[in-house]
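The block underneath contains the structure these notes are about, expressed in structure tokens.
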Amino acid sequence: MMNLGFPNFVPEKPSRIVVAMSGGVDSSVTAGWLKEQGHEVIGISLQLHDMAEKIDNEFGTCCSLSDIMDARRVAEKLEIPFYVNNMEEEFREAVVDDFIQEYLNGRTPNPCIRCNEKVKFRQLMDWALDLGADYLATGHYATVQTDPGNQRVELFKGGDPEKDQSYFLFAMKQQDLARTLFPIGNFEKKVVRELANKYGLLVANKPDSQEICFVQAKSYKDFIEEEVPKALLKPGNIVDPSGNILGQHTGLHQFTIGQRKGLGVFGKEPLFVLALRGKTNEVVVGPEQNLFRKSALVNNISWINEPLQEQKHLAAKIRYRAKESPVRVTPLPDGKLDVQFEVPQRAITPGQAMVFYEGNRVLGGGWIEDLSIQ
Amino acid sequence: MNRIYADFNATTPMGRACQEGMEAAIRYWGNPSSSHAHGRQANEIIEESRRRVAAAAQVNPTELVFTSGGSEANALALLGSYFATQSTFRLLTLSVEHSSVLDTARFLENQGVPVDHIPVGIQGSMDLEQFRKQVDQFRPSLVSVMAANNETGVIFPLKEIFQICRERKILLHTDAVQAFGKLPPAQWNFCDLVTLTGHKIFGPKGIGALVVKKGVPMVATHFGGAQEIKRRGGTENVLGILGFGKACQELPTPEELKHLAHLRDRFEKGLLETLTGVHLNGADVPRIPNTSSIRFEGIPSEVLLGALDLDGISVSAGSACSSGSITPSHVLLAMGLGKQAAKESLRFSWGKTTTPEEIDTVLQVVVKHVNRIQERKRRI
């Protein structure tokens, strides 16, 4: 098992620890490993959507009914209590409806972060504490460490660079982080699967979830078209950066910034989506080099610790799968952040989260705003 | 840890005579339909058990159709009646029925069958005058009303309902799964169709029965044999039927039921007097002697259910699906409790083996956790 020079905090004293179990290999091994360390482990799950009618492959993604069945069986194998709560309605309101609305407004949402912030960590922590637990543990690849001096909790990247999930956790509150454990946060995925086999868990070879859980095998475009009344999908113009009309589209939800396929318009050189204008319902297209930009505006900022007071050089990620890149971040009087990249970034996308790092430490992040293109 | 079971409405353990009888009968593996000695033995088990079940329910043995349980008996009652009468079939059922009735009703409705629901009030009971009007307006051919509700324990006035139906030549089905063994048969066995099950009366799972009174139009919905007077094809569950019959010989006595009601009252009184923000669902209407549905204001049911489970006490909340996931009870919602209140309710259901010590322990543990959780919420 590798780590980043400091161990992932897990209490030495046997504690009552509630593990948020999704039915995947990471949270299953988290529960098994904590039990092996001598803790009293309780599994809990939130059922967020019912995919019972839509299951056509052996394994779904996170938090569908069949995954909760898996979690239940893992808990029984580990001989730990396990409880499920149905939160489909809350999830629908806080996450799915927002996801759809964001797309209709020409933004590209990140439902997983929103779910962590609005549904998962809030509900799970409250539930865990009501069960008399000392800690809540999850299977995230991330690390927390408490500063012995000021007792503030710091969030770090996970040990396996391929699997690091700290990006999804930037909006966590200090009081929640203080009671959250990421026991396998520094393990390599390979090791996690080995442990799953060692514990005899049926999910040892279950593939990692890739898609958005409630969209599953469908395209998000099909999902939105199934969910939304036709009247809300408004047609509009496809224009070039100077405003010349090149063609028409049948709804902003079909596009994300950087997209090339399915535009239905052609130029001398390949055309890419450069911007989505919610107000005028326009899709702006242009050559690929126009996708690269150095500046961004970030709003609804959340800091793990002290808010940034003055200009600072940090590293930033503009989406989960993007590479970290050096930035100069300047706090603005209205609470937003002005972010200047040293190297131009491809497709900085409104609606996605930008997360700031200093080395392995996560400082915080926020949501990318629309900077209408010049 | 010695666990305390307070979920007898979900299922019961098997009684001793039932378990011993089933263990002994494992060697009778013959097919009851066979003409040879093996078959005759198995057939005898079934017919003897049929008489036992019929005697306990005080119905005619020839009117008893064995099924795989209460849900199948409910489905047979509704679907079998529908297929027997087709175009004249109209169903009126209760909004707080078990999902096996409600879901079958919804299926029929999707096939184009006229279906209507009888509302209940905030206490979980129905209004007979309103019912009479609804019957005259909707003109059902079959009314289905449970004898007692599984979640609140509320008893429904079947005698009066039967009277209203009889005057209008309407058939009456009752799901008596929760009433069997808790209410005298004379309170429900006069209905035209009656659903019974084994595993709520200290018998085995996977066995139930539908009482079909003589002359009630009914066709099979399972085919493939002439079993159960052609009303339920398929080789019989001989062992289950035997266990069901044995359990019927061990039903609680009137004295035991009185004792159970006393224990329940002690529990409810203890909670209501000790805690604040606690409400008894269906407090002011007649209920079966073993069921308490309680709302703990501000405490989600899964929280208290988990806390009690960790302390060795088994209770239930709402209706759990196969994953164990809890959804707000449709019964409490139909009573007009509101989503929040429905999500804060727990069901405690006791059985003939429940002791006064168990009642007191549960009371003590519930009070401990409710105080602790309320205290934490105050601090936030």
- Residue check, B:Ile241 against (1) assigned to a helix (DSSP H, G or I); (2) touching a Gly at 6+ places or on another chain (Cβ under 8 Å); (3) of a type in the set (Val, Ile, Thr), all met but one. Which one? (2)
- Note on the structure: Going through the stretch A:223-239 in order, the residues found to be under 25 Å from A:Pro287 (Cβ atoms) and surrounded by fewer than 17 Cβ atoms within 10 Å (Cβ to Cβ) are A:Pro235
- Task: From (1) over 29 Å from the mean Cα position of the chain (by Cα); (2) at pLDDT below 90; (3) among the aliphatic types (A, V, I, L, M); (4) outside any helix (DSSP H, G or I), pick out the condition that doesn't hold for A:Leu263.
- Result: (1)
- Residues in the stretch A:136-143: is at least one surrounded by fewer than 20 Cβ atoms within 10 Å (Cβ to Cβ) and among the polar types (S, T, N, Q)? no
- Message: Being closer than 22 Å to A:Ala275 by Cβ, among the β-branched types (Val, Ile, Thr), touching a Leu at 6+ places or on another chain (Cβ under 6 Å) and surrounded by 14 or more Cβ atoms within 10 Å (Cβ to Cβ) narrows it down to one residue among A:Val362, A:Val339, A:Val327; which is it?
- Response: A:Val327
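Just name the residue that is surrounded by the fewest Cβ atoms within 10 Å (Cβ to Cβ) out of those in the stretch B:181-211 that are of a type in the set (S, T, N, Q) and in a strand (DSSP E or B). Show your work before the answer.
Let us first name the residues in the stretch B:181-211 that are of a type in the set (S, T, N, Q), namely B:187, B:189, B:195, B:197.
In the following step, the residues that additionally are in a strand (DSSP E or B) were identified as B:195, B:197.
Numbers: B:Thr195: 33, B:Thr197: 27.
Per the stated criteria, the residue is B:Thr197.
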- Message: Regarding the stretch B:122-137, can at least one residue be identified that is touching a strand residue (DSSP E or B) at 6+ places or on another chain (Cβ under 6 Å) and of a type in the set (Asp, Glu)?
- Response: no
- Query: Which numbered condition trips up A:Asn281, out of (1) in contact with an Asp or Glu (Cβ under 9 Å, 6 or more places away or on another chain); (2) surrounded by 12 or more Cβ atoms within 10 Å (Cβ to Cβ)?
  - Reply: (1)
- Item | When residues of the stretch A:161-211 are limited to those that are among the polar types (S, T, N, Q) and free of Cβ contacts under 8 Å to residues at least 12 places away in the same chain, the one surrounded by the fewest Cβ atoms within 10 Å (Cβ to Cβ) | A:Gln175
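Looking at B:Thr93, is it under 20 Å from the mean Cα position of the chain (by Cα), crowded, with 19+ Cβ neighbours inside 10 Å and farther than 23 Å from B:Ile164 by Cα? So that I can check it myself, show each step before the final result.
Working: under 20 Å from the mean Cα position of the chain (by Cα): yes; crowded, with 19+ Cβ neighbours inside 10 Å: yes; farther than 23 Å from B:Ile164 by Cα: no.
It is false that B:Thr93 is under 20 Å from the mean Cα position of the chain (by Cα), crowded, with 19+ Cβ neighbours inside 10 Å and farther than 23 Å from B:Ile164 by Cα.
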- A:Phe59 vs (1) away from chain B (no Cβ under 14 Å); (2) modelled with pLDDT of 95 or more: all pass except (2)
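Confirm whether A:Gln101 is modelled with pLDDT under 95, closer than 24 Å to A:Gly43 by Cβ and in a helix (DSSP H, G or I). First the steps, then the outcome.
Values: modelled with pLDDT under 95: yes; closer than 24 Å to A:Gly43 by Cβ: no; in a helix (DSSP H, G or I): yes.
For A:Gln101, the condition - modelled with pLDDT under 95, closer than 24 Å to A:Gly43 by Cβ and in a helix (DSSP H, G or I) - is not met.
Considering each of B:Glu63, B:Glu72 in turn, give the residue that is acidic (Asp, Glu), over 19 Å from B:Pro204 (Cα atoms) and surrounded by 15 or more Cβ atoms within 10 Å (Cβ to Cβ). Don't jump to the end; show me each part of the working.
Values: B:Glu72 fails: over 19 Å from B:Pro204 (Cα atoms).
Criteria check complete, one pass: B:Glu63.
Where residues in the stretch A:67-99 are among the aliphatic types (A, V, I, L, M) and away from every other protein chain (no Cβ under 13 Å), which of them is nearest to A:Pro207 (Cα to Cα)?
To start, the set of residues in the stretch A:67-99 that are among the aliphatic types (A, V, I, L, M) comprises A:68-69, A:71, A:74-75, A:78, A:80, A:84, A:87, A:94-96.
With the extra rule that they be away from every other protein chain (no Cβ under 13 Å), the set shrinks to A:78, A:94-96.
Working: A:Leu78: 21, A:Ala94: 27, A:Val95: 24, A:Val96: 24 Å.
The qualifying residue nearest to A:Pro207 (Cα to Cα) is A:Leu78.
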- In the set B:Ala341, B:Ala334, which member is more than 14 Å from chain A (Cβ to nearest Cβ) and modelled with pLDDT under 95? B:Ala341
- Selection over the stretch A:123-148 where residues are in contact (Cβ under 8 Å) with a residue 40 or more places away in the chain and within 14 Å of chain B (Cβ to nearest Cβ) yields a count of 11
- Item | Residue count, the stretch B:256-312 (criterion: under 29 Å from B:Leu183 (Cα atoms), out of contact with any His (no Cβ under 9 Å at 6 or more places or on another chain) and more than 11 Å from every other protein chain (Cβ to nearest Cβ)) | 32
- Are any residues in the stretch A:251-270 in contact (Cβ under 8 Å) with a residue 12 or more places away in the chain, over 22 Å from A:Ile368 (Cβ atoms) and charged (D, E, K, R), and if so, which ones? A:Glu269
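Taking the options B:Arg40, B:Arg50, B:Arg106, name whichever one is assigned by TED's automatic domain parsing to the domain that holds B:Leu193, loosely packed, with under 14 Cβ neighbours inside 10 Å and touching a Ser or Thr at 6+ places or on another chain (Cβ under 9 Å). Please lay out each step first, then the result.
Numbers: B:Arg50 fails: loosely packed, with under 14 Cβ neighbours inside 10 Å; B:Arg106 fails: touching a Ser or Thr at 6+ places or on another chain (Cβ under 9 Å).
B:Arg40 is the lone residue from the list that is assigned by TED's automatic domain parsing to the domain that holds B:Leu193, loosely packed, with under 14 Cβ neighbours inside 10 Å and touching a Ser or Thr at 6+ places or on another chain (Cβ under 9 Å).
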- Of the conditions (1) crowded, with 19+ Cβ neighbours inside 10 Å; (2) of a type in the set (Phe, Trp, Tyr); (3) touching a residue at least 40 places away in the same chain (Cβ under 8 Å), B:Phe162 fails just one. Which one is it? (3)
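The values are calculated or read from the model by the stated rules, or taken from the named source; none is laboratory data. All values reported here derive from a predicted model rather than from experimental measurement. Glycine gets a Cβ as well: all are built from the backbone with ideal geometry, and neighbour counts include every protein chain shown.
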